[in-house]
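Remarks on the structure that follows.
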Number of protein chains: 2
Amino acid sequence: MSIYGSTNPAPDTSLADGVQRFAAVVELVPEKEREYRELHAEVWSSVQKRIADSKMRNYNIFIAELAGKKYLFSYLEYLGTDIDADKAAMAADPETRRWWTVTDPCQRRIDSTNKGEQWMGLERVFFQLA
Amino acid sequence: MSIYGSTNPAPDTSLADGVQRFAAVVELVPEKEREYRELHAEVWSSVQKRIADSKMRNYNIFIAELAGKKYLFSYLEYLGTDIDADKAAMAADPETRRWWTVTDPCQRRIDSTNKGEQWMGLERVFFQLA
């Protein structure tokens, strides 16, 4: 039941500043929390470079405990014009693939996540740039 | 068990660009989802002005369904230097207070939320600006 308006522009009209904003969620495996935190406190520079090369910036991951489960909530901004191609370039990068072999086991994919994706994309309901 | 590093700067050292980034979560009352979406598609201009006057920008709210419950996730950036004072100014604003009388009933505060707050603040575990 998406409801759009002046403070919730439809995704295809929200590019006044040329930036697309994405949020997503995945469950965190509780026993892997320390490992996940350690990995993300020092993300490999090769992985960081691939993120930047895919035109993603202002990438934040937060942790939340909800109803006894832990979740990771991400927010990032995309400056390009072909997110599918830029995601595919990440997925084809050997260093990023190697990174995912250590980070994926820390996560439990949420059932309703789109096929082929690890994180469940979230719909926006409000936006105020300034 | 916070773990800081080059890609997870401690909150008090993360101000390289002078911006503090905050995320928070609150439960959405399922029966109020349509009302919440309608309100946020056209947030009152008085409320928008107070947000801007409190030096908050790039304010996004997303919706997520997790384990059968609906949640609202917010991400915003704060450009000021006294978040407590700027939040207090919002809480003292008659228009914002009137806004909260319609939005608070759409939300169910999470038990572990800090006293006096409606949204549960989230800890960050990763940050890459560019």
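The values are calculated or read from the model by the stated rules, or taken from the named source; none is laboratory data. Quick caveat, the model's predicted, so the values are computed rather than measured. Backbone-built Cβ (ideal geometry, glycine too); neighbour counts: all protein chains shown. What goes into the accessible areas is simple: the full protein's heavy atoms, side chains included, and nothing from ligands, DNA or RNA. Shrake-Rupley method; radii C 1.70, N 1.55, O 1.52, S 1.80 Å.
Structure data summary
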| read-out | value |
| --- | --- |
| Number of the exception - residue B:83 against (1) modelled with pLDDT under 95; (2) more than 13 Å from the chain's Cα centre (by Cα); (3) open to solvent by less than 40 Å² (accessible area, probe 1.4 Å) | (2) |
| Hits in the stretch A:40-53 - residues which are surrounded by fewer than 20 Cβ atoms within 10 Å (Cβ to Cβ) and not in a helix (DSSP H, G or I) | A:42, A:44 |
| Any hit, the stretch B:86-97, residues being within 14 Å of the chain's Cα centre (by Cα), within 11 Å of chain A (Cβ to nearest Cβ) and free of Cβ contacts under 8 Å to residues at least 60 places away in the same chain | no |
| Residue under evaluation residue B:125, criteria (1) farther than 25 Å from residue A:11 by Cβ; (2) not in a strand (DSSP E or B), criterion not met | (2) |
| Those residues of the stretch B:46-65 which are of a type in the set (Ser, Thr, Tyr) and either under 14 Å from the mean Cα position of the chain (by Cα) or facing chain A (nearest Cβ under 9 Å) (or both), in sequence order | B:54, B:59 |
| Set A:68, A:116, A:121: member being touching a residue at least 60 places away in the same chain (Cβ under 8 Å) and more than 7 Å from chain B (Cβ to nearest Cβ) | A:121 |
| Residues (more than 19 Å from residue A:101 (Cβ to Cβ) and open to solvent by less than 10 Å² (accessible area, probe 1.4 Å)) located in the stretch A:55-68 | A:58, A:60, A:62, A:64, A:66 |
| Breaking point among (1) open to solvent by less than 20 Å² (accessible area, probe 1.4 Å); (2) out of contact with any strand residue (DSSP E or B) (no Cβ under 9 Å at 6 or more places or on another chain), for residue B:36 | (2) |
| Residue in the stretch A:36-43 that is within 14 Å of the chain's Cα centre (by Cα) and at pLDDT 95 or above present | yes |
| Hits in the stretch B:88-106 (condition: in contact with a helix residue (DSSP H, G or I) (Cβ under 8 Å, 6 or more places away or on another chain) and open to solvent by less than 80 Å² (accessible area, probe 1.4 Å)) | B:89, B:90, B:91, B:93, B:95, B:96, B:99, B:102, B:103, B:105, B:106 |
| Pick from the stretch A:107-130, criterion open to solvent by 60 Å² or more (accessible area, probe 1.4 Å) and among the aliphatic types (A, V, I, L, M), ranking: nearest to the chain's Cα centre (by Cα) | A:129 |
